[in-house]
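Q: Can you read through this structure? Questions will come right after.
The values are calculated or read from the model by the stated rules, or taken from the named source; none is laboratory data. Since we're looking at a predicted model, the values are computed, not measured. Glycine also receives a Cβ, built like all others from the backbone with ideal geometry; neighbour counts cover every protein chain displayed. For accessibility, only protein heavy atoms count, side chains too; no ligands or nucleic acids. Shrake-Rupley method; radii C 1.70, N 1.55, O 1.52, S 1.80 Å.
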Amino acid sequence: MDKSEYINQFDNLILNPGTRKIFGQEEFFNVGYWLSDTQNQQSACFNLMERLLTFIKEKKGTILDVGCGLGATTSYLLKYYSPADVFGINISAKQLERSTANAPGCNLICMDAVQMEFEDDFFDNIICVEAAFYFDTREKFLKEAARVLKPGGNLILSDIIFENIKYFGDWIVTPKNIVKDIDEYKNFYQEAGLQLLELVNVTDNCWKNHYRYLKSWLLKELETGDIDEEAYQLNVGAIDGLLNTSSIDYLLVSAKKPVKVI
């Protein structure tokens, strides 16, 4: 699959009316962070942003949202940053059109995460929400993030590591981004020249609770007649596989570009 085909296929996924119905009006596209009182997917997505931003102690300077999707994550950054200081990049022009509407005044640019066109030492902070495993490759992205971060700058991300491509195929999870274990994953940061500060496994809070919610959501869709029994059983069977596998981990990560020592 070439790059244009990939973008078109991903646009169809993220803009699908069924997908949008699950995620709500704010146009997020991630599994979220589920607390005991979280009621819906949109609230879980707000929680995930808030949890990630706790990694940045002083919320000042510029921030880049890598793989900004439809702009919901970028828009959330405006809670702490001025529009002039918020940047977002995405390889899809169609998604960026929605991002512009959802995050007005921000600097939104069509750009590949593994070939950023920014100068060295440009950003104070970078955030990447559930997107690094899509990039060709994650390791190239981390090296680019290290390059464009200022010394002492923060990289925060939620990331999913897959041991195989069994559940999503090779267009969602490129084989180049398969990770055999946590130690291999940690080494990517070291090789990129980044200092790994925190790595938190939140597979149950995020990944599994999202799919538990999705099962209950599908049941309501069945009861209201919005989907039929065959579609319900097909989707629930796939979700049960995702809930039972031990080959997928959901991580929250905080890293920093070391300060140069003179």
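Q: Starting from a Cα-only point model with no solvent, please compute log10 I(q)/I(0) by Debye for segment 112-262 at q = 0.15 1/Å.
A: -0.82
Q: Could you state the accessible area per residue of segment 126-262 in Å², with a 1.4 Å probe and every protein chain left in place?
A: Numbers: 6480 Å² over 137 residues.
About 47 Å² of surface per residue is accessible.
Q: Could you pull the Rg and Dmax for segment 1-137, using just the Cα atoms, both in Å?
A: For segment 1-137, the Cα radius of gyration and maximum Cα-Cα distance read 14.6, 43 Å.
Q: Let me ask something additional. Choose one of I227, P258, Q115: the residue whose Cα lies farthest towards the positive end of the charge dipole of the chain (beta-carbon charges +1 Lys, Arg; -1 Asp, Glu; about the Cα centre).
A: P258
Q: Using the Cα centre as the reference, give the magnitude of the dipole from point charges on the C-beta atoms of the chain (Lys, Arg: +1; Asp, Glu: -1; all else neutral), rounded to the nearest 20 debye.
A: For the chain, the charge dipole is close to 720 debye.
Q: How many Å² of accessible area per residue for segment 1-98, probe 1.4 Å?
A: Ligands and nucleic acids excluded, the figure is 45 Å² per residue.
Q: Something else about it: Please name whichever of L194, N164, I178 sits farthest to the positive end of the charge dipole of segment 143-262, dipole taken about the Cα centre and charges placed at Cβ: Lys and Arg +1, Asp and Glu -1.
A: Ranked along the dipole, the leading option is L194.
Q: What FRET efficiency do you get for E229 and C110 if R0 is 35 Å and r is their Cβ-Cβ distance, rounded to the nearest 0.05? Write out the running numbers ahead of the final one.
A: Numbers: r = 42 Å, r/R0 = 1.21.
For R0 = 35 Å, the calculated efficiency reads 0.25.
Q: For the chain, what's the relative contact order in percent, using C-alpha pairs closer than 8 Å and at least 6 residues apart? Before the final figure, lay out the partial values.
A: Numbers: 455 pairs, mean separation 46.4, N = 262.
It comes to 18 percent, rounded to a whole number.
Q: Here is a further query. Give me the percent of accessible area attributable to carbon and sulfur for the chain, probe 1.4 angstrom. Display every interim value, and only then the final one.
A: On the way: 6030 of 12260 Å².
Answer for the chain: carbon and sulfur cover 49 percent of the accessible area.
Q: While we're here: Exceeding 25 Å between C-alpha atoms, which entries from my cross-link table qualify? They are K186/K260; K94/K257; K57/K186; K140/K256; K94/K143; K180/K215.
A: Values: K186/K260 22 Å; K94/K257 32 Å; K57/K186 22 Å; K140/K256 16 Å; K94/K143 27 Å; K180/K215 29 Å.
With Cα atoms farther than 25 Å apart: K94/K257; K94/K143; K180/K215.
Q: Here's a follow-up. Could you give the distance between the Cα centres of segment 208-222 and segment 149-190, to the whole Å?
A: First find each Cα centre; the distance between them is then 26 Å.
Q: Just to verify a number: what accessible area does I248 come out at with the full protein assembly present, 1.4 Å probe, Å² rounded to tens?
A: Rounded to the nearest 10, that gives 10 Å².
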